[in-house]
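K.L.:
Have a look at this one.
Readers should treat all values here as calculations from the given coordinates under stated rules, not as data from a laboratory. None of the values given here were measured: they were computed from a predicted structure. Here the Cβ positions follow ideal geometry from the backbone for every residue, glycine too, while neighbour counts run over all protein chains shown.
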Amino acid sequence: MIDKNRRSLVLAAGGALAAGTMGSAGAWAQAAGGGAERKLGYAVVGLGSYGLGMIIPQFKNCKNSRLVGLVSGDPAKAKRVAAEYGVPEKNIYNYQNYDSIRDNPDIDIVYVCLPVSMHAEYTIRAAKAGKHVMCEKPMAVSSAECEAMIAACRQAGKKLMIGYRCHFEPTNLEAIRRARAGEIGKLRYFRSEHGFNFGNPDAWRLKKAMSGGGSLMDMGIYALNASRYMTGEEPVAVYAVESTDKKDPRFREVEDRIAFELEFPSGVIGSCMSMYSAAQNHILLMGDKGRIELEPATAYHGNKLWVGNGHGDDKNEVTPPPGPGATQWAGQLDHLSQCVLQNREPIVGGEEGLRDIRIIEAIYRSAREKRRIALGPDARMV
Ligand code: NAD
């Protein structure tokens, strides 16, 4: 029941945001109590490849969000980025004076774009400084950290959202809509492979203390999260098998390939593969009347969607309608701003991130103990 409500919320929110994009912009402004095109101020923490390369350039596509602050350990880089994006120098912080953002009214929301082991600390410090938080996926290195992040934001009365951009991505939203509309009949199974061939063996993603795990934390989480939003169900059990060449210098600390099966209450089976030694980005939904396929499924650009019969010999490529934002990132950034303005909960809040991390912990345990692990309604292992 909870799942059904949550999933219809995803679609409803997508629809509501899309409607906003199409011209009923007054609706949210009214709910927010005025300020027709009010933009909330974001400070981005971590100027790495995702923060600097993907998030910061997206504010120009936003309706309700703007970049007002930067937090970085590299003052020269921060100064350069600030100059490029019109961020005043007084709004540049480092990791030591970060807590003083509490005195800066320009900053409404902090976007945590740091290695996973730093997510909890920088989310909790932001909440204590009185700021709302967008935190990148995976939410944290453990479910205990996720719980502490949720508690800190709740205690501070601040919103917490996880950077699950695919919930704002048109191809994924259209696949969900068609699956829910019964276009492929009764869903039988879900399949997804996510991975890439990792290069640099010194990267933080391969250090367990910083990443919390290997490909599953980074890429497999897309397959896991998609299994939940595509089926609209929550898994009741997992079974996993890991295959890692420990002699490969990349994989001394974390896993390479991990395959996991998910059992859903309706009988739908989810079958996922996560890897750091081969590139794949694919989602398949098989119903008794047809298939929905996405490849690439969760990429930054160029996602493609096909709908067809079960044999795959009449697959038609479908062009999805526009999503809630000009881009998936703009939709994501503006969603949190709108939730703050309207005092609503984000469709992918802390509980969503926590749920994935609990399931990931069960997947790791299943692979270690070579047995099926049952999950309770809150995704805790039972
Ligand atoms: P990155 O290594 O490129 O950047 C990390 C940033 O953290 C850098 O600015 C670095 O200077 C800073 N940092 C501070 N202390 C550090 C330390 N001790 N070690 C290493 N870096 C340190 O990483 P990224 O690819 O930008 O990833 C950042 C976050 O974004 C991660 O949580 C990642 O999972 C997430 N991410 C999400 C997506 C997505 O599509 N949603 C895509 C890529 C990354």
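K.L.:
From Cα coordinates alone, what are the radius of gyration and Dmax values for the chain in angstrom?
P.N.:
Over the chain's Cα set, Rg and Dmax evaluate to 20.4, 61 Å.
K.L.:
If contacts are Cα pairs under 8 angstrom and at least 6 residues apart, what is the relative contact order of the chain in percent?
P.N.:
In percent, rounded to a whole number, it is 20.
K.L.:
Still on this structure: Would you mind computing, in nm to one decimal, how far apart the modelled labels at ASN309 and TYR50 are, each placed 7 Å from Cα along Cα→Cβ?
P.N.:
Inter-label distance under the simple model: 4.2 nm.
K.L.:
Please state, rounded to one decimal and in Å, the Kirkwood hydrodynamic radius that the stretch 121-184 gives when every pair of distinct Cα atoms enters the mean of 1/r.
P.N.:
Answer for the stretch 121-184: a Kirkwood hydrodynamic radius of 13.4 Å.
K.L.:
In straight Cα distance, which lysines are under 17 Å from LYS90, not counting same-chain residues fewer than 8 positions off?
P.N.:
Straight-line reach from LYS90, under 17 Å: LYS77, LYS79.
K.L.:
When a/c is below 1.5 the answer is rounded, else prolate if a/b is larger than b/c, else oblate, so apply that to the stretch 295-382 with a ≥ b ≥ c taken from the square roots of the Cα gyration tensor eigenvalues.
P.N.:
It is oblate, given that a/c is not under 1.5 and a/b is not larger than b/c.
K.L.:
A further question on this structure: Just for the chain, what percent of DSSP beta bridges are antiparallel, to the closest 5?
P.N.:
60
K.L.:
Among the chymotrypsin sites (Phe, Trp or Tyr not before Pro) in the stretch 267-306, which ones are in a DSSP loop with at most 14 other Cβ atoms within 10 Å of the Cβ? Mind listing them?
P.N.:
Passing sites in the stretch 267-306 are TYR300.
K.L.:
For every helix of n ≥ 4 consecutive DSSP H residues, a contribution of -39,500 (n - 2.57) applies; sum these over the chain, divide by its total residues, and give [θ] at 222 nm rounded to the nearest 500 deg cm²/dmol.
P.N.:
About -10000 deg cm²/dmol.
K.L.:
How far is the Cα center of the stretch 108-184 from the Cα center of the stretch 364-380, in Å?
P.N.:
23
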